[in-house]
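Student: Following this message is one structure expressed as structure tokens.
The values are calculated or read from the model by the stated rules, or taken from the named source; none is laboratory data. Being a predicted model, the structure only gives us computed values, none of them experimental. Backbone-built Cβ (ideal geometry, glycine too); neighbour counts: all protein chains shown. The protein model used for the area step is the full one, side chains on, heavy atoms only, and it has no ligands, DNA or RNA in it. Shrake-Rupley method; radii C 1.70, N 1.55, O 1.52, S 1.80 Å.
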Amino acid sequence: MNTNILRKKYLDFFKSRNHVYFATDTLVPDDASLLFTSAGMNQFKPYFLGEKKGIKRATSCQKCLRTGDIERVGKTAYHHTFFEMLGNFSFGDYFKKEAIELAWEFLTKELGMKEGDLWVSVYKDDQEAYDIWKNAVKVPEARIIRLGENSNFWPANAPSLGPDGPCGPCSEIFFDQGSGVGCKKDNCNPDCSCGRFVEVWNLVFTQFNRVGENRLEPLPQKNIDTGMGLERMACVLQSKQSNFDIDILKPLVDEVYAILKVKNKDQQSRELVNAIVDHLRAAAFAVADGVYPSNEERGYVIRKIIRKAVYSANLLGYKKSFGYKLVPLLGELMGEFYPEIKEKAQVIEKIIKAEEDKFLSTLLAGQQQLKAELEKTKQAKKNILDAGILFRLYDTFGFPLELSKDIAQKQGISVDQQGFEELLRKQQERSRKQSMFDENIFSSKDFSVSEESEFVGYEIDYVKTKVVRIFSGQEEVSGLSAGEEGIIVLKETPFYPESGGQLADTGAIFNNNGEFSVEKAFRIGKTILHKGRVLCGKIEKDIFEVSINTSRRRALARAHTATHLLQSALRKVLGEHVAQQGSLVDEDRFRFDFTHLKALTSDEIEKIEDMVNGYILEADKVNKEVLTLEEAKKRGALAFFKDKYSNEVRVVSIAGYSMELCGGTHLDNTSQAGSFFIESESSIASGIRRIEAVVGYKAYLASKEIRKAEDLIKEKLKAKDVFTAVDGLKLRADSLAAELEAQKKKNLFSEIGQIRENIKKISQFSFLVFEIPGQDYDALLSLSDEIKRKEERIFIFLTSKSDRDIFICSASDVLVKKGFSCKKFINDYRKDLGLRGGGRENSAQGVIEERGDDFFQKLEEYFKESVS
């Protein structure tokens with residue numbers, strides 16, 4: 001049974017039994033405690049917690065990503081970083097008996113599995129589940145085993161070790177591959193780790209609330225959470241010994257073998273190739289969901305697994321990028337259920353290839369640096385590699401900790417992983433602070449607020465309403481007096497709270513008794529809070545007039561609508577791979593972060609700027625409407641993947657070129673933006689670009705400043721126009737540079753006599769090694785050519801240190817005719833001399849990556865070897 005049929009059978013089975021089908025959630029979960037969606041139940045958490053109602057039964061096939069067992073991937077038959085989890089769920093509806101019976105019916109009736117091949121396990125104290133399996137399902141006692149809380153409780157070991165909260169026993173179903181597999185012992189059962197028994201389904205009965213060590217109280221609502229690994233079940237049904245042999249993975253495995261040209265399919269190569277397939281599949285799905293390689297959180301995970309795949313290929317002797325080539329085949333294999341892999345294939349390929357190339361460019365340098373540091377560690381008689389060294393390798397060369405760890409362990413040296421992670425955390429914290437416009441100093445822990453504030457700011461900028469709560473610091477108070485700072489909660493408010501990248505409204509809350517200046521509005525849960533100070537009088541729980549700063553609101557709206565116009569233009573000019581990664585919307589100014597692999601050209605920036613200004617001149621209506629999330633997605637509305645949306649969403653659309661899910665405040669017509677001007681474009685992370693732009697009056701001021709600068713240049717240089725002035729400066733600079741180079745060469749050549757004094761006679765040839773500081777390749781080559789005019793049988797090796805330690809190697813024609821080759825000399829002694837470079841028989845050049853005190857002495861010895 002192929003995987004697509006298995007997936008469909010499962011979902012159809014549960015849909016026919018009144019389960020509501022939920023499409024797979026994105027790999028980016030709506031849960032701050034998780035980096036990635038790691039289980040089928042993640043998207044149903046609000047139903048389990050009772051926050052959402054209306055659905056009692058659900059089923060899904062969820063794409064998942066976990067890295068906890070990444071070191072086992074490829075080495076075992078069943079471990080993955082990316083996998084699909086089939087699941088059926090009950091929220092206070094059916095419980096153990098029906099969950100068990102449904103699972104058994106699906107396996108034995110729908111899939112036709114033999115009852116005699118199936119074993120089950122239950123939690124040791126769960127007599128109820130044991131009796132259902134034995135009496136209702138009729139599984140013989142010999143095939144039912146009781147296991148402890150480590151194996152058959154969720155979370156594992158919860159009763160004794162915690163955490164407190166919802167938990168419950170599990171019951172697992174195993175497929176017996178037969179007595180000829182595994183340890184072959186007569187008493188082998190699913191508790192044995194020999195591999196004979198394959199776990200195919202896990203049923204979790206969430207029935208308790210842990211309130212302390214071994215203290216379990218019954219939950220008022222009992223839930224069912226089940227999980228069946230699609231790949232593992234397909235492996236059983238297709239009679240394979242490994243998940244990597246099933247229909248959606250075996251073609252990828254074969255393709256990797258073909259690309260890498262691996263002929264010896266031994267255990268090591270199988271493990272490496274399987275891991276490569278898994279990691280690149282995971283990366284492709286993550287990129288499709290908007291997670292790009294970076295040094296931050298999710299992006300770092302994806303960077304790590306791509307680089308691990310590249311390094312695995314490197315161990316198999318393949319030194320080029322290749323993973324991106326798997327994307328079309330992955331689309332063919334999985335595109336029926338996951339069309340995004342085909343739809344975004346071009347983007348996925350570009351992102352993966354860019355990361356592979358980036359890693360390969362630094363891999364050799366990183367390996368050499370690590371090798372040197374390991375030698376120093378051994379010489380110092382230490383057995384732990386310092387965290388600072390690990391972090392420098394990671395930060396400078398992009399060398400993942402896992403690779404440093406792997407290489408070090410092979411030499412018997414461990415690594416300071418804890419110290420590395422602390423250094424990484426500090427760097428990420430610095431980066432995060434630099435990229436955030438305003439870290440919110442308030443959190444839900446600071447205030448106990450539950451009121452649902454009614455936001456009326458889309459329609460009006462003034463309202464008369466009641467002050468319902470007042471805070472001074474974290475304490476609730478009855479009132480605030482003149483000069484005091486505090487926080488106010490209103491029944492209704494026109495103040496837009498800082499969110500979605502848009503800064504908050506400011507304004508005033510006032511009546512005859514006092515006035516409160518609102519400096520910031522922010523949201524905690526469903527409550528909007530207004531932070532500020534009392535300007536005069538007193539503020540108490542009373543009726544107040546509330547008014548926002550309409551000038552600021554209009555400026556924020558101009559900037560926010562412009563971000564939508566910009567994203568539309570970026571996607572048209574650069575391609576549909578462009579996706580928002582963050583923004584800051586200020587008064588007539590904004591920054592916009594987006595996915596793109598390289599810097600924008602001047603021509604691209606000009607096209608984007610022209611297109612946005614064209615949208616503004618078209619005076620298109622800006623439409624806002626509330627739709628269901630499903631309907632909005634059907635219409636093609638863009639969503640920012642870091643934002644989370646409710647079932648009803650606000651959609652902002654402009655003509656036929658822009659449609660986005662957005663809760664911010666906007667213009668009514670594009671013409672109200674005035675004009676648009678890009679101030680800068682830069683990189684903020686691998687594959688992430690940032691545009692900073694201004695609109696409205698600030699755009700006019702920006703163009704005015706440019707005109708002023710041009711006038712100043714013309715005045716200073718006494719030129720008719722800027723272009724003439726710049727051309728004149730360039731000609732003068734080029735002339736001076738040429739004069740300087742000529743003088744440097746003249747000075748260098750004047751020292752030839754002194755340099756030639758260092759020539760030695762070795763055998764029948766002349767040998768010259770010399771270091772000249774501050775020179776480039778051209779200067780060294782010119783000098784060697786001049787020396788060869790006077791010496792017919794000479795080998796020359798010149799070095800120079802400035803930003804880098806460079807060398808040139810040169811041989812006279814007579815020496816080359818005798819069989820000497822500079823190219824071969826460099827290749828033969830590359831490792832011993834620490835050289836990186838190449839060239840021809842009579843000339844080569846490159847970089848000295850690490851030179852010892854005996855560098856020149858070794859050169860002489862190796863030349864003697866070469867000509868002897």
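Student: Take segment 312-361 and flag every residue that is in contact (Cβ under 8 Å) with a residue 40 or more places away in the chain and among the basic types (Lys, Arg).
Tutor: Lys319, Lys320, Lys325, Lys344, Lys350, Lys358
Student: Between a residue in segment 95-118 that is assigned to a helix (DSSP H, G or I) and any residue that is polar (S, T, N, Q) and surrounded by fewer than 16 Cβ atoms within 10 Å (Cβ to Cβ), which pairs come within a Cβ distance under 8 Å, given they are 6 or more apart or on different chains?
Tutor: Between residues of segment 95-118 that are assigned to a helix (DSSP H, G or I) and residues that are polar (S, T, N, Q) and surrounded by fewer than 16 Cβ atoms within 10 Å (Cβ to Cβ), the close pairs are Glu115/Thr108.
Student: Let me ask something additional. Within segment 451-482, restricting attention to residues that are small (Gly, Ala, Ser) and open to solvent by less than 20 Å² (accessible area, probe 1.4 Å), which residue is modelled with the lowest pLDDT?
Tutor: Out of the qualifying residues, it is Ser453.
Student: Can you name the residue in segment 663-672 that is assigned to a loop (DSSP other than H, G, I, E, B) and open to solvent by 20 Å² or more (accessible area, probe 1.4 Å) and is also farthest from Lys621 (Cα to Cα) among such residues?
Tutor: It comes out as Gly663.
Student: Sort out which residues of segment 493-502 are at pLDDT 95 or above and open to solvent by 10 Å² or more (accessible area, probe 1.4 Å), and write them in order of number.
Tutor: Hit for segment 493-502 is Tyr496, nothing else.
Student: Among (1) buried (at least 17 other Cβ atoms within 10 Å of the Cβ); (2) in contact (Cβ under 8 Å) with a residue 40 or more places away in the chain; (3) on the phi < 0 side of the Ramachandran plot, which single condition is Phe516 missing?
Tutor: That leaves (2) as the condition not met.
Student: Go through segment 678-691 and count every residue that is of a type outside the set (A, V, I, L, M) and out of contact with any Leu (no Cβ under 9 Å at 6 or more places or on another chain).
Tutor: The total comes to 5.
Student: Checking the structure you have, find out if any residue of segment 179-189 is closer than 24 Å to Pro220 by Cβ, open to solvent by 60 Å² or more (accessible area, probe 1.4 Å) and part of a loop (DSSP other than H, G, I, E, B). Give the steps one after another, and end with the answer.
Tutor: Within segment 179-189, the first condition is being closer than 24 Å to Pro220 by Cβ, and the residues that meet it are none.
Taking every residue of segment 179-189 in turn, none turns out to be closer than 24 Å to Pro220 by Cβ, open to solvent by 60 Å² or more (accessible area, probe 1.4 Å) and part of a loop (DSSP other than H, G, I, E, B).
Student: Taking segment 825-845 as the search range and keeping residues that are among the charged types (D, E, K, R) and either surrounded by 19 or more Cβ atoms within 10 Å (Cβ to Cβ) or modelled with pLDDT of 90 or more (or both), which one is farthest from Phe863 (Cα to Cα)?
Tutor: To start, the set of residues in segment 825-845 that are among the charged types (D, E, K, R) comprises 828, 830-832, 836, 840-841.
Filter once more, so that each one left must be either surrounded by 19 or more Cβ atoms within 10 Å (Cβ to Cβ) or modelled with pLDDT of 90 or more (or both): 840-841.
Details: Arg840: 17, Glu841: 14 Å.
So the residue we want is Arg840.
Student: I've got another one for you. Could you list all residues from segment 1-36 that are over 19 Å from Met334 (Cα atoms), in a loop (DSSP other than H, G, I, E, B) and either out of contact with any Ser or Thr (no Cβ under 7 Å at 6 or more places or on another chain) or modelled with pLDDT of 85 or more (or both)?
Tutor: Matches in segment 1-36: Ser16, Arg17, Asn18, His19, Val28, Asp30, Asp31, Ala32, Ser33, Leu34, Leu35, Phe36.
Student: Identify, by number, the condition in (1) open to solvent by 30 Å² or more (accessible area, probe 1.4 Å); (2) more than 33 Å from the chain's Cα centre (by Cα); (3) in contact (Cβ under 8 Å) with a residue 12 or more places away in the chain that Pro155 doesn't meet.
Tutor: Of everything listed in (1) open to solvent by 30 Å² or more (accessible area, probe 1.4 Å); (2) more than 33 Å from the chain's Cα centre (by Cα); (3) in contact (Cβ under 8 Å) with a residue 12 or more places away in the chain, Pro155 misses just condition (2).
Student: Search segment 793-820 for residues that are open to solvent by 10 Å² or more (accessible area, probe 1.4 Å) and pair each with any residue that is basic (Lys, Arg) and assigned to a loop (DSSP other than H, G, I, E, B) when their beta-carbon atoms are under 6 Å apart and the residues are at least 6 apart or on different chains.
Tutor: From residues that are open to solvent by 10 Å² or more (accessible area, probe 1.4 Å), the pairs are Val814/Arg793.
Student: Which residues, taken from segment 57-75, are within 19 Å of Ser646 (Cα to Cα) and either free of Cβ contacts under 8 Å to residues at least 24 places away in the same chain or in a loop (DSSP other than H, G, I, E, B) (or both)?
Tutor: Once the filter is applied, which keeps residues that are within 19 Å of Ser646 (Cα to Cα) and either free of Cβ contacts under 8 Å to residues at least 24 places away in the same chain or in a loop (DSSP other than H, G, I, E, B) (or both), segment 57-75 yields nothing.
Student: Another question, if that's okay. Filter segment 620-629 down to residues that are β-branched (Val, Ile, Thr) and at pLDDT 90 or above and give me whichever is farthest from Ser653 (Cα to Cα).
Tutor: Val626
Student: Of the residues Leu617, Leu701, Leu712, which single one is of a type outside the set (Lys, Arg), exposed (fewer than 14 other Cβ atoms within 10 Å of the Cβ) and at pLDDT 95 or above? Break it down into steps so the answer makes sense when it comes.
Tutor: Values: Leu701 fails: at pLDDT 95 or above; Leu712 fails: at pLDDT 95 or above.
Every option except Leu617 fails the conditions.
Student: Looking only at helices (runs of 4 or more DSSP H) that lie completely in segment 197-305, which have at least 1 residues being open to solvent by less than 20 Å² (accessible area, probe 1.4 Å), at negative phi and in contact with an Asp or Glu (Cβ under 7 Å, 6 or more places away or on another chain)?
Tutor: 230-237, 267-288
Student: Just wondering, is there one or more residues in segment 630-648 that are modelled with pLDDT under 95, more than 24 Å from the chain's Cα centre (by Cα) and open to solvent by less than 20 Å² (accessible area, probe 1.4 Å)?
Tutor: Yes, there is a match, as at least one residue in segment 630-648 is modelled with pLDDT under 95, more than 24 Å from the chain's Cα centre (by Cα) and open to solvent by less than 20 Å² (accessible area, probe 1.4 Å).
Student: Moving to a separate point now. What residue, among those in segment 751-792 that are in a strand (DSSP E or B) and of a type in the set (Phe, Trp, Tyr), is most open to solvent (accessible area, probe 1.4 Å)?
Tutor: Step by step, filter segment 751-792, then rank; the result is Phe770.
Student: What's the number of the condition Cys167 fails, among (1) buried (at least 20 other Cβ atoms within 10 Å of the Cβ); (2) in contact (Cβ under 8 Å) with a residue 60 or more places away in the chain?
Tutor: Of everything listed in (1) buried (at least 20 other Cβ atoms within 10 Å of the Cβ); (2) in contact (Cβ under 8 Å) with a residue 60 or more places away in the chain, Cys167 misses just condition (2).
Student: Right, something else. Report every pair of residues separated by at least 6 positions or lying on different chains whose Cβ atoms are under 7 Å apart, first residue within segment 732-749 and open to solvent by 80 Å² or more (accessible area, probe 1.4 Å), second part of a helix (DSSP H, G or I).
Tutor: Lys745/Ala779; Lys745/Ser782
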